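The values are calculated or read from the model by the stated rules, or taken from the named source; none is laboratory data. Just so it is clear, the structure is predicted and the values come from calculations on it, not from any experiment. Cβ atoms come from the backbone with ideal geometry, glycine included; neighbour counts cover every protein chain shown.
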Amino acid sequence: MAAPPPEPVPVEHSPAYLLRHRSKTEAADLSIVRAKQEEPFTGNAVEWAVRRLDASLDEAELDPPPGAKAIIDVARGPFGTATVQGVTAAARVTVKVGTTALKAAAPVGKWVVQQSFKAALGVLSSSGANRRQNK
């Protein structure tokens, strides 16, 4: 006796997968999103506002404005990739220069603190000596 085959597992795709694999069901998806947006107020204002915001973002992800599509296409293209690499390299150089500057400035800062401390002690000791002489 053979066992019956297992039941198929229902698949729930992630939002990222759905965005990559848009299909002709976008209109149905948009109607679901719009239905979410029109949910009635249940008494919890924060929860209602978060759900409305989430639904608005879902709609923007499913049907982004033309300007946003153009920006995404440029960012994902060769120019955008090169720009990101350039900015990353510039940030690394900035961090290295900043670290080097801090290391170079540390002895100077230490010397300034020492001299300030010595000057403060000198002022305190001289004022104490002046008080003793005036008594």
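Observations on the model:
- Selection from the stretch 39-58 of residues that are assigned to a helix (DSSP H, G or I) and of a type outside the set (Gly, Ala, Ser): 46, 47, 48, 50, 51, 52, 53, 54, 57, 58
- Of the listed requirements (1) surrounded by 12 or more Cβ atoms within 10 Å (Cβ to Cβ); (2) more than 25 Å from the chain's Cα centre (by Cα); (3) modelled with pLDDT of 80 or more, residue 5 misses just one: (1).
- Residue that is of a type outside the set (Gly, Ala, Ser), under 21 Å from residue 15 (Cβ atoms) and without any contact (Cβ under 8 Å) to a residue 24 or more places away in the chain, where the choices are 57, 62: 57
- Residue ID - nearest to residue 16 (Cα to Cα), chosen from residues in the stretch 34-65 that are loosely packed, with under 11 Cβ neighbours inside 10 Å and modelled with pLDDT of 80 or more: 46
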